[in-house]
1. Could you tell me which of the residues 412, 425 is crowded, with 16+ Cβ neighbours inside 10 Å, at pLDDT 95 or above, within 14 Å of the ligand (Cβ to nearest atom) and not hydrophobic (A, V, I, L, M, F, W, C)?
2. Can you name the residue in region 243-252 that is more than 8 Å from the ligand (Cβ to nearest atom) and surrounded by fewer than 21 Cβ atoms within 10 Å (Cβ to Cβ) and is also farthest from residue 272 (Cα to Cα) among such residues?
3. Which of the numbered conditions does residue 407 fail, given that it passes all the others? Conditions: (1) of a type in the set (Val, Ile, Thr); (2) more than 21 Å from residue 359 (Cβ to Cβ); (3) in a helix (DSSP H, G or I).
4. Being over 17 Å from the mean Cα position of the chain (by Cα) and without any contact (Cβ under 8 Å) to a residue 12 or more places away in the chain narrows it down to one residue among 41, 130, 35, 49; which is it?
5. Of the residues 431, 401, 387, only one is of a type in the set (Val, Ile, Thr), outside the structural domain of residue 261 (by TED's automatic domain parsing) and more than 14 Å from the ligand (Cβ to nearest atom); which?
6. Consider residue 59 carefully, then state whether it is under 25 Å from residue 198 (Cα atoms) and of a type in the set (Val, Ile, Thr).
7. State which residue pairs qualify: first residue more than 13 Å from residue 366 (Cβ to Cβ) and inside region 388-401, second residue β-branched (Val, Ile, Thr) and more than 7 Å from the ligand (Cβ to nearest atom) in any location, beta carbons under 8 Å apart, and separation of 6 or more residues or different chains.
8. What pairs can you find where one residue is in region 237-251 and aromatic (Phe, Trp, Tyr), the other is surrounded by fewer than 19 Cβ atoms within 10 Å (Cβ to Cβ), and their Cβ atoms are less than 9 Å apart, with a gap of 6+ or different chains?
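The values are calculated or read from the model by the stated rules, or taken from the named source; none is laboratory data. None of the values given here were measured: they were computed from a predicted structure. So basically every Cβ, Gly included, is an ideal-geometry build from the backbone, and we count neighbours across all protein chains shown.
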Amino acid sequence: MVHALDSRIRILKSSKPRQEGAFVLYWMQHSQRAEANPAFERAAYWANECGLPLLVLFVVDPNYPDGSVRHFTFMLEGLKETMAEIGRRGAHFALRTGHPPDIVCQVAQDAAIVVTDRGYLRHLVAWREEVADGAGTLVEEVEGDVIVPVAEPTDKMETAARTIRPKLHKTLKRFLELPPAITIKTSAKSLPHKDDVSLGDVEAFVASLGCDASVGVAPGFKGGTSEARHRLTNFLRNDLKHYGEGRADIVDRHVSHLSPYLHFGQISPLEIYQKVVSAKANSDSFIEEMLIRRELGVNFVYHTPNYDAFEALPEWAQDTLAHHAKDKREPSYSARELEDGKTDDPYWNAAMREMRVTGYLHNHMRMYWGKRILGWMTSPKRAFETTLHLNNKYFLDGRDTNSYANVAWIYGLHDRGWPERDVYGKVRTMTPSGLKRKFDIDAYVRWTEQL
Ligand SMILES: Cc1cc2nc3c(=O)[nH]c(=O)nc-3n(C[C@H](O)[C@H](O)[C@H](O)COP(=O)(O)OP(=O)(O)OC[C@H]3O[C@@H](n4cnc5c(N)ncnc54)[C@H](O)[C@@H]3O)c2cc1C
């Protein structure tokens, strides 16, 4: 039987290892952690095989799409901890700034082998192709931020959770082992440190990047693996038992808040899965979200080259929205009024306020938030683009495969047709009266006013 780790590995550039290589290089990009990281373990394995030290390189791209003080601060807090852990594991962690493939290719000229982790968004795939072309040696990619590697359960875009669910469950049992932590045999002390950026002062470093400072630090979220694990422990202790019934409650919340940590690869989804399953509570609903829905999103992006375009929506949804494109929107708002939270809907304004200030929104409120934008903007395509823009600008977990799949869900992806109505056509709607019926929504509004 193929070992689970083997199915996570893809050869991006087939070559003999560089004979005169001075180290094995792990270009860390997506799996930003030192533990439960199959790419790191693969690189450690190669370092021992070659009798070489291991260099871990992370390149911060100041021009990363929608990168802001909020996103960079969270990511760098995490990397600061990862850097220290990598050092404890016996490798050297180097941090540089610039266009990642350029710097990785430069450093790779002295590497025997290059290992990297896997990303699914268009630019992340392109970066890896550039590295494969320019590294001049063997390049491997290891897929560690999904539980089941994306190509294993199915070779096509799945239309809904119900179609991917049985396939994921069938494949799952082959992928439930975390890679063992390998002891690195050769010291990294000889490796040059001269160009490395220091992470002593994260705030100053982020300021030096010149990124969008209008989206400030998310006050409730500190980045890093230990913080992710701490949240997971609290969730298992206090919330998992309520998750099945309480997941949708936007006021009395029993959710994990782990999405930013998953997005930046600060925690392994497999580690979460293992701990949730052994927690002796009913974990089915949580697994439905963290495995089925999350990996349905990865499946969508992987199989859909234009995953961020209105044209990627299912045909029935595009047709029905086109059919109703001229319906009168009452009221209707501009993108600016929306971003400022200046609508006549106090629930929606409260949601916009929460995401602007905290970088997070409960799933049910995200659904409501997106559905209302579709109802208010004069063009469905423009509404789609505005939803995606605000999503990726403000959410700490934005710019994720989940961002694209879920914004598209607002517009009909992974869903079915509903009874036809004005503006929305056959696309599912959500209304303020629904929120009022289900939750103490005024308590939610009051809470956001204090943020
Ligand atoms: C309009 C809209 C936009 C969204 N944008 C994003 C986004 O940019 N980034 C993002 O990560 N998620 C997004 N989601 C999905 C979901 O709302 C968040 O993942 C979830 O709210 C994160 O909070 P949590 O970690 O406390 O979730 P929990 O309920 O604790 O769930 C645990 C994990 O399961 C996964 N998950 C939960 N709900 C979903 C879902 N509906 N679909 C897929 N995976 C899910 C997430 O990885 C989450 O961290 C969006 C949903 C909607 C409706």
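1. On inspection, the qualifying residue turns out to be 412.
2. First, the residues of region 243-252 that are more than 8 Å from the ligand (Cβ to nearest atom): 244-246, 248-252.
Checking which are surrounded by fewer than 21 Cβ atoms within 10 Å (Cβ to Cβ) leaves us with 244-246, 248-249, 251-252.
On the way: 244: 17, 245: 20, 246: 19, 248: 20, 249: 22, 251: 24, 252: 22 Å.
Filtering region 243-252 for residues that are more than 8 Å from the ligand (Cβ to nearest atom) and surrounded by fewer than 21 Cβ atoms within 10 Å (Cβ to Cβ), the one farthest from residue 272 (Cα to Cα) comes out as 251.
3. (2)
4. Result of the check over 41, 130, 35, 49: 49.
5. 431
6. It is true that residue 59 is under 25 Å from residue 198 (Cα atoms) and of a type in the set (Val, Ile, Thr).
7. Listed by first residue and then by second, the contacts come to 393/215; 401/298; 401/301.
8. Pairs found: 243/254; 243/281; 243/282; 243/285; 243/289.
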